[in-house]
Amino acid sequence: MKVVVIKYNAGNIFSVDYALKRIGVEAEITGDIEKIKAADKVIFPGVGEASTTMAYLREHKLDEVIRNLRQPVLGICIGMQLLCDSSEEGNAKCLGVFDEKVLRFNPADPSVKVPHMGWNTIAHNGQGLFRGLPENPYVYYVHSYYATVGENTVATTDYVQPFSASLKRDNFYAVQFHPEKSGAIGEQILKNFIEI
């Protein structure tokens, strides 16, 4: 099986690769369009800023490639946000795979910290990426922006308000948290994706 991690101007790609190695998966990190199209599974990770990242994807023709992939695709963190309709971060028009919008946390209580950082629980549907997981497992987050809850939401977390911890539509799967930093739960989620 050929697994590709999309290489672009966003950080955190190598920690995802390392997490895949821990579960016995050798992935290729590449921005090569033909290799991405030919992969059995595609992972779209990242940590970065939405508008500059979207500009990079458009410039390198990766926006159309990602949007038109037919094999299973997993977006992680900003990868998930960029698969949404739009982001308040830099007022970015995103890839539009999911209808949800990405907004900045705006807590009424000044003692509530942004970014949302550290361990929090997810309420999930027990299917797809979450097959075999316990109820309300803890996963690791670092983010200031969140995807709204909508028809593509398959898992939620509550911080300031409920938001989409995971989205799914057709062959596209996405998580806001970092499975590569979420211990055994995160490894199971990555394994579940590889086995889809």
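The values are calculated or read from the model by the stated rules, or taken from the named source; none is laboratory data. All values derive from a computational prediction rather than experimental measurement. Virtual Cβ from ideal backbone geometry, glycine too; neighbours counted across all protein chains shown. The accessibility values were calculated without ligands, DNA or RNA, using every heavy atom of the protein model including side chains. Shrake-Rupley method; radii C 1.70, N 1.55, O 1.52, S 1.80 Å.
Identify, by number, the condition in (1) surrounded by 13 or more Cβ atoms within 10 Å (Cβ to Cβ); (2) in contact with a Ser or Thr (Cβ under 8 Å, 6 or more places away or on another chain) that N136 doesn't meet.
Only one criterion is unmet by N136, namely (1).
Among G75, G79, which is open to solvent by less than 50 Å² (accessible area, probe 1.4 Å), part of a strand (DSSP E or B) and not aromatic (F, W, Y)?
Going through G75, G79 in turn, just one is open to solvent by less than 50 Å² (accessible area, probe 1.4 Å), part of a strand (DSSP E or B) and not aromatic (F, W, Y): G75.
Kindly list the number of the only condition in (1) within 26 Å of A27 (Cβ to Cβ); (2) assigned to a strand (DSSP E or B) that fails for F163.
(1)
Of all residues being open to solvent by 50 Å² or more (accessible area, probe 1.4 Å) and over 20 Å from I66 (Cβ atoms) in region 160-186, which is nearest to the chain's Cα centre (by Cα)? Just the residue, please.
K181
If the requirement is being on the phi > 0 side of the Ramachandran plot and modelled with pLDDT under 95, which of these qualifies: G11, G24, G46?
G46
Could you check region 1-63 for strands (runs of 3 or more DSSP E) lying wholly inside it with 1 or more residues that are of a type in the set (S, T, N, Q)?
27-30
Determine whether region 13-23 contains at least one residue that is over 17 Å from the mean Cα position of the chain (by Cα) and free of Cβ contacts under 8 Å to residues at least 60 places away in the same chain.
Looking for residues that are over 17 Å from the mean Cα position of the chain (by Cα) and free of Cβ contacts under 8 Å to residues at least 60 places away in the same chain, one finds at least one in region 13-23, hence yes.
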